[in-house]
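First up is the structure itself, then whatever we jot down about it.
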Amino acid sequence: MIMKTKQLKEEADFFNSIARRVNINKIKPSLGLNTKRREGSFIHKYLPNNLKNKRVLDLGCGYGASSVYFAKKGARVVAIDASPESIKLAKKLARQYKVRDRVKFITGDVEQLILEKDTYDIVFGKAILHHLTISKVVPIIHRCLVRKGGKAIFIEPLGFSPFFSLYDRLFRRIARTSGELRLKQNDLSIFQTTFTNTNWIAVDILPCLLYMVYFCNLIIKNDVKPYWHRKIYDAEDNTMIGQVHTLLDRLDNFLPCWVQKFGWKIIICSTK
């Protein structure tokens, strides 16, 4: 418990420091769920067409982009994050988009929360599971979903690529916290054995080439900082970087299945 508390504090401090530097006007609520991208297109296959009054639990909500997205679609959202500064920013974002009354923000440890059984239609998370003990939290997620048709949807970093293993060893102190573990096959298996149905895809496979070129350039300039990859991920479609990213993202659709495991992220969509 002491180690877990220490890890939680480390992660809260890490994300607090980042949140203090974030420009709220650059946060895009629809970005991760943009259907022009593979990840957004895949996720929308499993989301209800009508989200009005659906109950959504946003785990590791960060700056509130996903929470605001669901709230704008009419859902009622409970959003949880361990970082007080991130929650503060998320509340401002919800007010900016006039959905503050549809989102309840909670600062806390996901693993220690007591969630009511059969409550949520959707549990969503982006880059949260790799901070947690997956074998412990997946049953909690399953329990709090409605009995029939409840969806668990997660976007997580994937850990099969040798590039990411090397990256984690060399740059963990700069770009990641010590408790983070990218998802592997055994983590996916926990979803597959817990839920009635689980589907997944890996994304940002060919776009990794773009990330690698950009990252090497940062190394040369000695300018590697947390969330350095956002420069590419957040690029608008009308910019050169955005257009290259979109093209590579689309080409991922034509890659053979065995290449999937080398993607940057995995999208998991499970049904109770």
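The values are calculated or read from the model by the stated rules, or taken from the named source; none is laboratory data. Computed from a predicted model, the values in this text were never measured in an experiment. In this analysis, Cβ positions are derived from the backbone assuming ideal geometry, glycine residues included, and neighbour counts consider all displayed protein chains.
At-a-glance table
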{"quantity": "In the stretch 44-62, the residues that are buried (at least 22 other Cβ atoms within 10 Å of the Cβ) and either of a type outside the set (V, I, T) or modelled with pLDDT under 95 (or both)", "calculated": "L57, D58, L59, G60, C61, G62"}
{"quantity": "In the stretch 246-272, the residues that are under 20 Å from K126 (Cα atoms) and either of a type outside the set (S, T, N, Q) or in a loop (DSSP other than H, G, I, E, B) (or both)", "calculated": "D249, K261, F262, G263, W264, K265, I266, I267, I268, C269, K272"}
{"quantity": "Count - residues of the stretch 247-272 that are at pLDDT 90 or above, among the polar types (S, T, N, Q) and surrounded by fewer than 18 Cβ atoms within 10 Å (Cβ to Cβ)", "calculated": "2"}
{"quantity": "Contacts under 6 angstrom Cβ, first residue in the stretch 216-227 being touching a residue at least 60 places away in the same chain (Cβ under 8 Å), partner in a helix (DSSP H, G or I), 6 or more apart", "calculated": "P226/I18; P226/A175"}
{"quantity": "Pairs where the first residue, in the stretch 36-60, is free of Cβ contacts under 8 Å to residues at least 60 places away in the same chain and the second is assigned to a loop (DSSP other than H, G, I, E, B) and β-branched (V, I, T), C-beta under 7 Å, 6+ apart", "calculated": "S41/T35; H44/T35"}
{"quantity": "Candidate set from the stretch 208-231 (those that are assigned to a helix (DSSP H, G or I) and basic (K, R)); member that is farthest from L248 (Cα to Cα)", "calculated": "K221"}
{"quantity": "Qualifying positions in the stretch 132-147 - in a helix (DSSP H, G or I), over 14 Å from G60 (Cα atoms) and either of a type in the set (D, E, K, R) or touching a strand residue (DSSP E or B) at 6+ places or on another chain (Cβ under 6 Å) (or both)", "calculated": "K136, R143, C144"}
{"quantity": "Options S41, S86: the member that is within 30 Å of F254 (Cβ to Cβ), of a type in the set (S, T, N, Q) and surrounded by 17 or more Cβ atoms within 10 Å (Cβ to Cβ)", "calculated": "S41"}
{"quantity": "Test: residue in the stretch 198-205 that is assigned to a helix (DSSP H, G or I) and either more than 19 Å from the chain's Cα centre (by Cα) or surrounded by 15 or more Cβ atoms within 10 Å (Cβ to Cβ) (or both)", "calculated": "no"}
{"quantity": "Candidate set: the stretch 110-135, residues that are surrounded by 15 or more Cβ atoms within 10 Å (Cβ to Cβ), over 17 Å from K54 (Cβ atoms) and not hydrophobic (A, V, I, L, M, F, W, C); chosen: the one nearest to the chain's Cα centre (by Cα)", "calculated": "K126"}
{"quantity": "Filter result for V22 (crowded, with 21+ Cβ neighbours inside 10 Å and either of a type in the set (V, I, T) or out of contact with any strand residue (DSSP E or B) (no Cβ under 8 Å at 6 or more places or on another chain) (or both))", "calculated": "no"}
{"quantity": "Residue within the stretch 82-95 that is touching a Leu at 6+ places or on another chain (Cβ under 9 Å) and at pLDDT 95 or above present", "calculated": "no"}
{"quantity": "Qualifying residue in the stretch 244-253 (condition: over 25 Å from I27 (Cβ atoms) and of a type in the set (S, T, N, Q))", "calculated": "yes"}
